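The values are calculated or read from the model by the stated rules, or taken from the named source; none is laboratory data. It should be emphasised that the depicted structure is a prediction, and the values quoted were computed from it without experimental measurement. Counting neighbours? That spans all protein chains shown, and the Cβs are built from the backbone with ideal geometry, glycine included. Just so you know, the surface numbers come from the protein's heavy atoms only, side chains and all, with ligands and any DNA or RNA stripped out. Shrake-Rupley method; radii C 1.70, N 1.55, O 1.52, S 1.80 Å.
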Amino acid sequence: MPVAHHSSLLRKLGPHTLRLRQFHLTTGCADKSHHEVLVLGGGTGGITMSARMRRKVGAGNVAVVEPSEQHYYQPIWTLVGAGAKPLKMSGRPTASVIPSGVTWIKSKVQELDPDKNLVRTDDGKELTYRYLIVALGLQLQYHKIKGLPEGFGASRIGSNYSVNFVEKTWRALQDFEEGNAIFTFPNTPIKCAGAPLKIMYLSDHHFRKVGKRSKANIIYNTSLPVIFGVKKYAETLLEIVKARNINVNYRMNLIEVHADKREAVFELLDSPGETKTFQYEMLHVTPPMASPDVVQQSSLADAGGWVDVNKETLQHMKYPNVFGIGDCTNLPTSKTAAAVAAQSAILSQTISKVMKNQRPLSKYDGYTSCPLVTSYNKCVLAEFDYDGEPLETFPFNQGKERRTMFHMKADLMPILYWHALLRGLWGGPAPLRKLMHLGSSK
Ligand code: FAD
Ligand code: UQ1
């Protein structure tokens, strides 16, 4: 019987029958399953931890919840936006990165109920677990800027942060004729805080390569009071800005885009109520970001909405069988894949101890890294810890622009990502650093 006929018949039969039918649907169709280890999110942190947990408890005891058919290596989008790599090299089918034998639950997490060790999905599944690893990443909030995301339908505007808009950055760079090239940094925590700068430096180099640099006024409008949070690298980045005649404006936050008129409106964060409007020939938008709604609405969140974990062990502050990794957590370090790598090694050790009813011992030091691409062949490899102290892998000064570091970022890192990190075989460069600095305290 067609559904429409079926429901009109039920309506005729009255409210009692309707209630019965609802009861039947919710009880009869509830799809329940239990997993020893349940991983939420199949991005960098989720796949990495699935691989590590598979080794620990066996593939049959691990499941990962991820709605997307494609898994993306996001760090390469910096080079895609600059036309140096094709977008297609950033994605692989999720099915191909799920560790073999691990269950892929192709659904979206809708509700977290850690008091009942329960997760609900948008398609009505109820998943219970013994141990939960939350790796849900963060949400991009283009909609918080008036005129976006619909403004991306126009030309001369792009954003390396989204698979949908990253190729528009390269289009805008190619279409550039004369005027302001504006790069923004929002008033929220973001992933890879160097990425808004990298595309600016690459644009400068691109304009020089095609002979248009004299026609471009490059402007970096950032909500922050500094160019980069770590002094050592900020000094280098400021020298480059000066040498290449780039204008940096601090405490400016993009709030509105009139894509039809090519106008960008910024609020002046230190003069409440005041705004400044810029005409642009090209605009690169870094959107505001926040923890996923499903995390914010749960008892796993801290006051800021992020998963509230112990800074050293990554164990949840309230629920000892829950753990967090990556961008969705409140770990006070820069949100990067490099940080996820270091966190994954620590979290594995934490979970091993918790599974044996012992106290976790290993301590995450906040290691994170940002390969600050400064041109089509140079890079400053920033590496630092919770205190913003440099924690460099190589035995040379990484505060300098280097060709070797560019090739590491562009050619070596993707291999390390797909073949080592996602297989749970790369826990960050700490062992390499110790080897390279034999005899020193780092
Ligand atoms: P993600 O990898 O984003 O994964 C989150 C996953 O959760 C996604 O697969 C998503 O589909 C899924 N998800 C979301 N909501 C739900 C839900 N409700 N239910 C189920 N699943 C859900 N890092 C570096 O180390 N070096 C770099 O040079 C670098 N450059 C970058 C440049 C750019 C332009 C960008 C965008 C990022 C860059 N990063 C870089 C950052 C890096 O990509 C992230 O920090 C890293 O991917 C974080 O991993 P994650 O697992 O926390 O989140
Ligand atoms: C890293 O481990 C990592 O994760 C795989 C990245 O993401 C792509 C990075 O960008 C960097 C720089 C590291 C750190 C690795 C080394 C060898 C310094």
Sorting 188, 313 by accessible area (1.4 Å probe), largest first, what list results? 188, 313
Rounded to a whole number, what % of the accessible area of the chain do carbon and sulfur atoms account for, probe 1.4 Å? 53 percent
Report the Cα centroid-to-centroid distance between the range 125-139 and the range 160-230 in angstrom, as an integer. 35 Å
Could you give the length gained on full extension between residue 436 and residue 214, defined as 0.36 nm per residue of separation minus the Cα-Cα distance, in nm? 75.6 nm
Using Stokes-Einstein with the Kirkwood hydrodynamic radius over Cα pairs, what translational diffusion coefficient do you get for the chain at 4 °C and a viscosity of 1.567 mPa s, in µm²/s rounded to a whole number? 55 µm²/s
Once every DSSP H run of n ≥ 4 in the chain is given -39500 (n - 2.57) and the sum is divided by its residues, what mean residue ellipticity at 222 nm do you get, rounded to the nearest 500 deg cm²/dmol? -8500 deg cm²/dmol
If you bin the C-alpha pair distances of the range 301-350 every 10 Å from 0, what whole percents do you get? 29, 60, 11
Specify the angular offset, from 0 to 90 degrees and rounded to the nearest 10, of the alpha carbon long axis of helix 166-175 from the longest principal axis of the alpha carbons in the chain. 30 degrees
At 1.4 Å probe size, put 202, 435 in order of accessible surface, largest to smallest. 435, 202
Cα-centred dipole magnitude for the chain, charges only on beta-carbon of K, R (+1) and D, E (-1), debye, nearest 20: 1020 debye
Along its three principal axes, how long is the range 42-163 when you only count alpha carbons? Whole Å, largest extent first please. 49, 31, 18
Karplus (6.51, -1.76, 1.60) ³J(HN,Hα), θ = phi - 60°, over the range 330-347, in Hz, Gly and Pro reported as x: 9, 4, x, 9, 5, 7, 9, 5, 4, 5, 4, 4, 5, 5, 5, 5, 5, 4
So, in nm, how far is label residue 412 from label residue 34 when the simple model puts each one 7 Å beyond its Cα toward the Cβ? 4.7 nm
For the range 140-287, compute the orientation-averaged projected area of the C-alpha convex hull (one quarter of its surface), in nm². 8.2 nm²
Expected output is a single nm value to one decimal: the length gained when fully extending between residue 249 and residue 404, i.e. 0.36 nm times separation in residues minus the C-alpha distance. What is it? 52.7 nm
What is the antiparallel percent of DSSP beta bridges lying wholly in the range 140-287, to the nearest 5? 40 percent
In whole µm²/s, the translational diffusion coefficient that Stokes-Einstein assigns to the range 109-223, given a Kirkwood hydrodynamic radius over C-alpha pairs, 4 °C and 1.567 mPa s, equals 76 µm²/s
May I ask you to give the solvent-accessible area per residue for the chain, in square angstrom, as obtained with a 1.4 angstrom probe? 44 Å²
Using only Cα positions of the range 368-436, each an equal point scatterer, no hydration layer, compute I(q)/I(0) via Debye at q = 0.14, 0.17, 0.23, 0.25 Å⁻¹ and quote the log10 values to two decimals. -0.44, -0.65, -1.12, -1.24
Can you give me the distance in nm between label points at residue 274 and residue 303, each placed 7 Å from the Cα along the Cα-to-Cβ direction? 3.0 nm
Folded to 0 to 90 degrees: helix 44-57 orientation relative to the chain principal axis, Cα: 50 degrees
Dipole of the chain [Lys/Arg +1, Asp/Glu -1 at C-beta], most positive-end residue of 197, 358, 107: 358
Added length on full extension, which subtracts the Cα-Cα distance from 0.36 nm per residue, residue 260 to residue 420: 53.1 nm
Per GNM of the chain with C-alpha springs under 10 angstrom, the most fluctuating residue out of 414, 288, 320 is 320
